[in-house]
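Peer 1: Shown below is the structure under consideration.
The values are calculated or read from the model by the stated rules, or taken from the named source; none is laboratory data. All figures in this text were calculated on a predicted structure; none of them were measured in a lab. No Cβ is skipped: glycine too gets one built from the backbone with ideal geometry, and neighbour counts run over all protein chains shown. Heavy atoms of the whole protein, side chains included, go into the accessibility calculation; ligands, DNA and RNA do not. Shrake-Rupley method; radii C 1.70, N 1.55, O 1.52, S 1.80 Å.
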Amino acid sequence: QKTGRTMPRTKQVRRASPSLLTAAAASTGGSQSGRSSGGSSGGGDDSADVGILSAEWRRISNKSTAATATNNAAALNSTGTFTIPRKKGKGKAPKAPKPTTRWDVFKALRSVEIPGSICAGGEADQLPAAPGLCISGIGAGRKSSTSSCSTSSGSISLPLIDASVNSLRDAAQLVSDRSYHNIYQIGDNDIKVRKGITFRNPAWDGALEEVTHEACVQLGLDPSCVVARLERLMLFEKGSYMDDHREDGRSGSRGKNNVVGTVMIQLPSEFTGGTFRVSYKGNDEYNVELGGPAAAFGCRFMCYYADCTVGMEKIKSGRRLALEYSLCFDDDNASSSITPKAGLLAASIGPLRRSLSLLPRSDRMIAVPLDYVYESVSLANHGIGALMDDDRRAAQALKVAGSSSWKLFVIEAKLLS
């Protein structure tokens, strides 16, 4: 019916009513002060008997996450409603996505099967800075009674010196894959040669297991179901680079169906450039920088799923030496016979990511009770790395799904009667 009044330019969609969990979360609002004092590393009263995971939305720009998720078709205004701009001319305005509730977030969190990231990397402080790398067959010299390699020419000094580089080149071969440019390798598809790559430092093997365990956790894998197998030693020099490619179709162990990912251990190296790019179907691209002045004094690692696309920028100067391990899925120890992949991870984490992004602004704090009690010192030193079992899975899932738009805290609180 025509009234002679001008039609409004916008359409209002009311926000969903708070759920019971939203109200319950509001009743624990006093824990925010404890979170502020404890910070991201925990803290608080040592007598606390309840642990809570708190993920708080952090505004990064002047546009809301909901607006970004819908290509800015809808914006959340100060009255708590979604405002949808009408298109000029003919046609209906696009529908705004229905806001989610905290209950939606909890349901999505419980449904996450692979609570990890497609890629991770950083310092590997567990590994010794002097691993005692030894490659049998390089040069000829007096053999040590504690090692199968020569004490002079068989040992590789780290960071690399010119003499070691020349020896490595003589024993290595250029990678034949067209995606690799000016990159040498030792041991690829040759088990006998791989067995000749050893480490004289007795702490290496145990530390490598710790790094592999951490890589599995970051990827959302059960460490007890994954075995790391050395594939090759790789030498990158000035001008070395990799085109974007996938390695799950390559020959050797990497081409087998039970390979779920790769762990690259960068040995102490001096270089500039060489940033890695990792993505899955063009989405969620990660740039992993393993260089810098400190790279010459310690080991670093990078891990990613086998069905990811990987590339590397040119090495501008210096040299990088790295070990590549395949993460092989052990079906016998796994609770599921489905081999984890980046595609499964993306599908698993997607509902949680969407639920978080569409929460109304007033509901953007999630508190998740933990199953175990943790010491404050352990939380302060290790963060979410100190968490166990389902607690670790929930923290990892929230961290990945929230990405840079959310902050994750591990806090301690007391239940007040």
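Peer 1: State in Å² the accessible area per residue of the stretch 335-417; use a 1.4 Å probe, count heavy atoms of protein chains only, and round to the nearest integer.
Peer 2: That works out to 49 Å² for each residue.
Peer 1: Considering only protein heavy atoms and a probe of 1.4 Å, how much of the accessible area of the stretch 259-417 is carbon and sulfur, as a whole percent? It would help to have the intermediate numbers written out before the result.
Peer 2: Values: 3460 of 6720 Å².
The value for the stretch 259-417 is 51 percent carbon and sulfur by accessible area.
Peer 1: Another question about this same structure. Measuring from label point to label point, each 7 Å out along Cα→Cβ, what is the Asp390 to Asn182 span in nm?
Peer 2: 5.4 nm
Peer 1: Taking a probe of 1.4 angstrom, what is the accessible area of Met388 in Å², to the nearest 10?
Peer 2: In the full protein context, Met388 sits at about 80 Å².
Peer 1: Starting from the 7 Å offset along Cα-to-Cβ, what nm value, one decimal, do you get for the label separation of Leu174 and Ser362?
Peer 2: Distance between label points: 6.6 nm.
Peer 1: So for Lys314, Lys95, Lys341, what's the accessible-area order with a 1.4 Å probe, most first?
Peer 2: Working: Lys314 120, Lys95 185, Lys341 80 Å².
Order by accessible area, largest first: Lys95, Lys314, Lys341.
Peer 1: Next up: Pop the C-beta distance of Leu415 and Ser111 into the FRET formula with R0 = 25 Å and round what comes out to the nearest 0.05.
Peer 2: Details: r = 27 Å, r/R0 = 1.10.
The pair Leu415/Ser111 has a calculated efficiency of 0.35.
Peer 1: Report the net charge of residues surrounding Asp243, where surrounding means a beta-carbon distance below 13 angstrom and charges are Lys +1, Arg +1, Asp -1, Glu -1.
Peer 2: Values: positive: Arg178, Arg246, Arg277, Lys314; negative: Asp177, Asp244, Glu247, Glu313.
Local net charge: 0.
Peer 1: A further question on this structure: Could you give each residue of the stretch 120-134 its phi-based ³J(HN,Hα) in whole Hz, using Karplus coefficients 6.51, -1.76, 1.60 with θ = phi - 60°, and x for Gly or Pro?
Peer 2: For the stretch 120-134, the Karplus-derived couplings read 7, x, x, 6, 10, 5, 5, 7, x, 5, 10, x, x, 4, 9 Hz, x marking Gly and Pro.
Peer 1: Please compute the length gained on full extension between Val373 and His245, using 0.36 nm multiplied by the number of residues separating them and subtracting their Cα-Cα distance. Walk me through the numbers on the way to the answer.
Peer 2: Working: separation 128, 0.36 × 128 = 46.08 nm, distance 4.39 nm.
Between Val373 and His245, full extension yields 41.7 nm more.
Peer 1: Using a basic spin-label model with each label point 7 Å from the Cα along Cα→Cβ, how many nm lie between His213 and Leu344?
Peer 2: Label at His213, label at Leu344, 2.3 nm between them.
Peer 1: Express the accessible area of the stretch 151-197 per residue in Å², computed with a 1.4 Å probe while the remaining protein chains stay in the model. The partial results should precede the final answer.
Peer 2: Working: 2560 Å² over 47 residues.
Value returned for the stretch 151-197: 55 Å² of accessible area per residue.
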